[in-house]
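Below is one structure, written out as structure tokens, with a few remarks after it.
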Amino acid sequence: MISVDALAVEFSGHTLFSDVSFTINENDKIALMGKNGAGKSTMMKIIAGVQNGTRGHVRYPKEAVIAYLPQHLLTEDNTTVFDEASKAFSHVYTMRDEMDALNKQLETRTDYESDEYMKIIERVSDLGEKYYALEDVNYDAEVEKALKGLGFKQEDFTRLTNEFSGGWRMRIELAKILLKKPDLILLDEPTNHIDIESVIWLEDFLVNKANAVVVISHDKAFIDNITNRTIEVTMGRIYDYKANYSHYLQLREDRRLHQIKAYQEQQRFIADNQAFIDRFKGTFSKTNQVTSRERMLEKLEIIEVDDVDTSALKLRFPKTQRSGDYPVTVKDVSKSYDQLVVFNNANMSIARGEKVCFVGRNGEGKSTMIKAILGEIDVEGECALGHNVKVGYFAQNQAALLDEGLTVFQTVDEVAKGDIRTQIKNILGRFMFKGEDIDKKVSVLSGGEKTRLAMVKLLLEPVNLLILDEPTNHLDLKSKDVLKEALLDFDGTLILVSHDRDFLQGLSNKVFEFKDKRVIEHFETVDDFLVRNRIESLKAIDL
């Protein structure tokens, strides 16, 4: 359907990738994988037509509709949520309005034999053929379904889009993309700002309703569930696997083992020939053989082995004093903002060492409850921290609290104590701060880089109650693994809010569900909770 031919990107003497070719077929669901900086987002932008490569082409069928959702949106507008989402059908409404206007002209005109009248007739006929060939769709109902599926409530439909955060505006853009039913959907980190129910809805849509999809994501469960093909961008080239992410990892390891074997055999071959050259160079009777082997080695294409991070960094939270038996107690707590009730008469007690998960759609009160527990907002009822509790808190805006005058290294060195200080560079490396990055001032870092740095800082602070609100949004898969291992080993109390199901797996033994202004306690793992609720959630959304 869509072909990428001999694509190359070069800048400042550096080749990001070269001679990349592949096709995207109807119903392909492709995960675009690779290390940060390998060129995934650049390749997606070129396919989307928003950036040009140095060489090569992307070829589309004439009528192909390509929809692209970038990682960062900078949209600002003053339309309502519903009207903005309805722009997905603007071409339909434009046709309808033009037909209505032309038909009104025909009702009043009497110059039946004129060229102008005949042109109007032809235009109405042409528009009518296209308009009535469209599927009979209740467009308002489609918009409503998409918005509700992505977490909007009925009362949100008439609110202005500039009242919403960047994450919610991203959902509006996503709704417009899904409603257009494009031939190819390009998604760069689409799950970063949506809750678990919305991720499940999006999965179901992409698998069952979408045509071709290319996605970049660090959410392993999401890409495993939606993809049937993986294209890895590495070392300036690509490898194409007809497999989802988990299967691709196995195939990639097999490929690397073959590379290592071939590389070793080639190195032995080179060494043997070089030994012959060294031994007989200058020997008249062997001149032709020596020259032949020298030329052969000069032309030999050296086998490269894919770069793999084999470091075994393991982080542990520093030891601190033991807390009381119940680090968190919430009794009959209610919170409202003017007429908006967030939750009513909520109760929870979290015992020392428990790892619990807050789940629920965005806007149901998860982050509000965290602020209540920390005493950052006033509530009705009682929220209390237990005896000797030392809190470590990672908020979604944690990056804003960093000292912008410090360097990356200084930020971490400030909190690191003991032997861990000798590993600061390794730790920063695992969170994608390498080489000269560690000497950058915090003030010049991107939002994602600041978020990662705030996470590293938290990992080195001695705490016994850890509260994490969407900690994985800007972490790659390896960084998430480092964080997850540290949390599994953490012997304190954990409250976790996350939409990343793979990350959540195995991390909690109790779930607090925020729904319909209530907080419901479930004595089960988040895995069991999600399995039990998946079908109900999808039915409720009514795809």
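The values are calculated or read from the model by the stated rules, or taken from the named source; none is laboratory data. The model shown is predicted, which means the values in this text are computed figures rather than measured ones. Virtual Cβ from ideal backbone geometry, glycine too; neighbours counted across all protein chains shown. Note: areas computed on protein heavy atoms with side chains; ligands, DNA, RNA excluded. Shrake-Rupley method; radii C 1.70, N 1.55, O 1.52, S 1.80 Å.
Of all residues being in a helix (DSSP H, G or I) and among the aromatic types (F, W, Y) in the range 103-157, which is modelled with the highest pLDDT? Just the residue, please.
So, considering only residues that are in a helix (DSSP H, G or I) and among the aromatic types (F, W, Y), the one modelled with the highest pLDDT is Y117.
Within the range 339-360, residues that are farther than 20 Å from P327 by Cα sit with their Cβ atoms under 7 Å from residues that are open to solvent by 10 Å² or more (accessible area, probe 1.4 Å) and hydroxyl-bearing (S, T, Y), at 6+ positions apart or across chains, in these pairs: V342/S336; V342/T368; F343/S334; N344/S334.
Every listed requirement among (1) open to solvent by less than 20 Å² (accessible area, probe 1.4 Å); (2) within 26 Å of M44 (Cα to Cα) is met by I277 save one, (2).
Scanning the range 1-36 for residues that are polar (S, T, N, Q) and either assigned to a loop (DSSP other than H, G, I, E, B) or under 29 Å from G429 (Cβ atoms) (or both) gives S12, T15, S18, N25, N27, N36.
Quick check on H193: is it of a type outside the set (D, E), open to solvent by 20 Å² or more (accessible area, probe 1.4 Å) and within 30 Å of V341 (Cβ to Cβ)? Yes; evaluated as a whole, the condition is true for this residue.
Please enumerate the residues belonging to the range 388-402 that are open to solvent by 60 Å² or more (accessible area, probe 1.4 Å) and in contact with an Asp or Glu (Cβ under 8 Å, 6 or more places away or on another chain).
Passing the criteria: only Q396.
When the range 37-63 is filtered for residues that are open to solvent by 40 Å² or more (accessible area, probe 1.4 Å) and either of a type in the set (V, I, T) or part of a loop (DSSP other than H, G, I, E, B) (or both), the ones remaining, listed by number, are G37, G49, V50, Q51, N52, T54, Y60, P61, K62, E63. Look at the range 230-245: where a residue is of a type in the set (A, V, I, L, M) and a partner is open to solvent by 50 Å² or more (accessible area, probe 1.4 Å), sitting 6+ places away or on another chain with Cβ atoms under 8 Å, you get I231/D240; M235/E304; M235/D307; A243/N228; A243/L251. Just one of the numbered conditions (1) open to solvent by 40 Å² or more (accessible area, probe 1.4 Å); (2) at pLDDT 90 or above is not true of Q423: (2). Residue count for the range 93-129, restricted to those that are open to solvent by 80 Å² or more (accessible area, probe 1.4 Å) and more than 44 Å from the chain's Cα centre (by Cα): 12. Six or more apart or on different chains, Cβ under 9 Å: which pairs go from a residue in the range 186-205 that's free of Cβ contacts under 8 Å to residues at least 60 places away in the same chain and closer than 16 Å to D224 by Cα to one that's open to solvent by less than 10 Å² (accessible area, probe 1.4 Å) and polar (S, T, N, Q)? Could you list them? Once the first residue is free of Cβ contacts under 8 Å to residues at least 60 places away in the same chain and closer than 16 Å to D224 by Cα and sits in the range 186-205, its partners that are open to solvent by less than 10 Å² (accessible area, probe 1.4 Å) and polar (S, T, N, Q) give L202/T191. Here E414, E376 are screened, and the one residue that is within 20 Å of A486 (Cβ to Cβ), open to solvent by 50 Å² or more (accessible area, probe 1.4 Å) and not aliphatic (A, V, I, L, M) is E414.
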